[in-house]
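To start, the structure under review is shown below, and the notes come after it.
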Amino acid sequence: MTLLPFVAVPLTYNPVITTPVIPIAITILFLLLIYSVWIELMLFAPKDGRSYQRGTYSLSRHPGWLWFSAMHILLGIRYLHGEVILLMVMCILWNLVVISIEDRWIFPRLFSDYGEYAQRVRFLL
């Protein structure tokens with residue numbers, strides 16, 4: 001659902017900025033998102049009820065949000081259309097609401113050491 005704009009926007013609007021740099025950067029950010037949210041956690045996360053605190057999760061408690069937001073910002077820049085920019089802002093803000101709920105209520109109950117982790121590693125940046 002959150003990747004739907006990356007299909008719908010190019011089918012609906014013509015890009016204002018046509019340089020291939022932005023699609024390449026979006027692809028790299030997408031791969032980072034996949035790595036942080038799925039691959040890194042599946043391969044390295046402890047299975048004993050503790051939180052994973054290494055790799056991209058040592059930079060931010062929610063590294064996926066960083067990649068996700070950067071992808072959406074770049075898509076908004078590429079198309080520079082009011083509706084696209086509004087949609088990108090809404091996607092970023094909605095994701096921020098979701099990770100805020102996870103960070104405040106879900107993860108502290110899910111991971112025994114999340115409070116200590118939250119004191120050491122920043123929420124986003």
Practice problem: Keeping to region 2-33, report how many residues are within 14 Å of the chain's Cα centre (by Cα), in a helix (DSSP H, G or I) and of a type in the set (S, T, N, Q). | Solution: 1
Quiz item: Just for region 99-112: of the residues that are closer than 18 Å to Leu41 by Cβ, of a type outside the set (Lys, Arg) and loosely packed, with under 14 Cβ neighbours inside 10 Å, which one is modelled with the highest pLDDT?
Solution: Ile106
Practice problem: State whether the residues of region 12-19 include one that is at pLDDT 95 or above, closer than 30 Å to Arg120 by Cα and among the aliphatic types (A, V, I, L, M). | Solution: no
Quiz item: Taking region 42-55 on its own, how many of its residues are within 23 Å of Thr27 (Cα to Cα) and buried (at least 19 other Cβ atoms within 10 Å of the Cβ)?
Solution: 0
Self-check item: Members of region 22-32 that are in contact with a Leu (Cβ under 9 Å, 6 or more places away or on another chain) and without any contact (Cβ under 8 Å) to a residue 40 or more places away in the chain
Solution: Leu32
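Within the group Leu31, Leu3, which residue is at pLDDT 95 or above and loosely packed, with under 14 Cβ neighbours inside 10 Å? Quick ask: steps written out before the conclusion?
Numbers: Leu3 fails: at pLDDT 95 or above.
Answer to the selection: Leu31.
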Self-check item: Where a residue in region 68-79 is under 10 Å from Phe30 (Cα atoms) and its partner, wherever it lies, is in a helix (DSSP H, G or I), with Cβ under 6 Å and at least six apart
Solution: Phe68/Leu33; Phe68/Asn95; Ala70/Leu29; Met71/Ile26; Met71/Leu29
Exercise. Working only within region 34-67, note down all residues that are in a helix (DSSP H, G or I) and in contact (Cβ under 8 Å) with a residue 40 or more places away in the chain.
Key: Tyr57, Ser58, Trp65, Leu66
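Can you go through Leu86, Leu96 and tell me which one is part of a helix (DSSP H, G or I) and farther than 24 Å from Tyr52 by Cβ? Please lay out each step first, then the result.
Details: Leu96 fails: farther than 24 Å from Tyr52 by Cβ.
Exactly one of Leu86, Leu96 is part of a helix (DSSP H, G or I) and farther than 24 Å from Tyr52 by Cβ, namely Leu86.
The values are calculated or read from the model by the stated rules, or taken from the named source; none is laboratory data. Bear in mind the structure is a predicted one, so any value in this text is a computation, not a measurement. Positions of Cβ are backbone-derived with ideal geometry, glycine not excepted, and every protein chain shown enters the neighbour counts.
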